[in-house]
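Readers should treat all values here as calculations from the given coordinates under stated rules, not as data from a laboratory. Keep in mind it's a predicted model, so treat the numbers as computed, not measured. Every residue, glycine among them, receives a Cβ derived from its backbone with ideal geometry; neighbour counts consider all protein chains shown.
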Amino acid sequence: MSTMKLSKQQWEFIGKRAGWIKTAQSGYSDFSEEGILALKAAIEANETMIVLYGGPMTGKSVAPKQVAKELGKQYVEMNLNDAMSMHVGQTEENVKKLFENILGLNNAMVIFDEIDGQLQDEMLRKMFADFVVIQRNRLRSGKVSLIGITNKPSRIGESLQNRAKFIMFSKQEPQVALETEKSMPELHSEKI
């Protein structure tokens with residue numbers, strides 16, 4: 001079986017054509033512009049729970065950092081699994097402290113990357129969903145948005161699915177154009 005080995009220049013050329021390389025003007029990847037605009041709109045509308053979902057390499061993990069910077073918001077990453085403890089009652093105490101920390105924020109985006117993995121524990125999933133519902137007004141008054149990022153939105157639990165704003169990130173289909181021999185780097189096939 002033979003595969004193609006490409007030089008850095010060839011990958012960059014292909015990446016630019018397919019929209020995988022960040023553009024200098026926007027700072028965003030070309031392939032997730034609609035998702036970024038939807039994320040900005042949701043944050044400006046003061047949504048409290050937003051779930052970004054889509055396949056790998058679609059910009060869903062990078063977009064919140066850039067949007068927070070543009071909107072002048074604090075960017076905080078949290079992992080609910082850090083609250084887990086094997087000691088009786090300690091997980092609940094840790095989760096309460098984590099939630100108190102979130103409520104102490106102002107004008108912030110709290111990011112839970114791979115949230116589906118963080119919500120595997122049923123008790124943790126229920127506590128998080130209850131927090132989103134009960135503290136919605138406090139989160140809004142503090143202009144705090146909770147943002148979950150996942151490849152598997154169906155795994156975050158029904159109660160959150162009913163309360164979250166979902167935004168899909170996907171790669172745009174690359175615009176295919178015929179290239180002249182001079183503009184396209186030569187591709188050589190090598191056996192690996």
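Could you give the nm distance between label points at residue 90 and residue 57, where each point is 7 Å from its Cα heading toward the beta carbon?
4.1 nm
Which part of the range 46-85 falls in the paramagnetic zone of residue 120, meaning amide N under 20 Å from the point 7 Å along Cα-to-beta-carbon?
Once the point is set 7 Å along Cα→Cβ of residue 120, 54, 56, 78-85 turn out to lie under 20 Å by backbone N, inside the range 46-85.
How many times 2.2 N^0.38 Å is the alpha carbon radius of gyration of the range 38-152? Walk me through the numbers before you get to the answer.
Values: Rg = 13.9 Å, N = 115, 2.2 N^0.38 = 13.4 Å.
Compactness ratio reported: 1.04.
Could you give the length gained by full extension between residue 101 and residue 71, i.e. 0.36 nm per residue of separation minus their alpha carbon distance, to one decimal place?
Gain in length upon complete extension: 8.7 nm.
How high is the FRET efficiency between residue 40 and residue 81 when r is their beta carbon distance and R₀ equals 25 Å, given to the nearest 0.05?
Calculated transfer efficiency: 0.30.
What net charge is computed for the residues neighbouring residue 111, neighbours being all others with C-beta under 9 Å from the C-beta of residue 111, Lys and Arg scored +1, Asp and Glu -1? Spell out each step's value before the answer.
Values: positive: 65; negative: 77, 113.
Around residue 111, the charge tally is -1.
For each of 105, 124, count neighbouring Cβ atoms within 10 Å of the residue's Cβ, then give the residues from fewest to most.
Ascending Cβ contact count within 10 Å gives the list 105, 124.
In percent, what relative contact order does the range 31-173 have, based on Cα pairs under 8 Å that are 6 or more apart in sequence?
RCO, the range 31-173: 44 percent.
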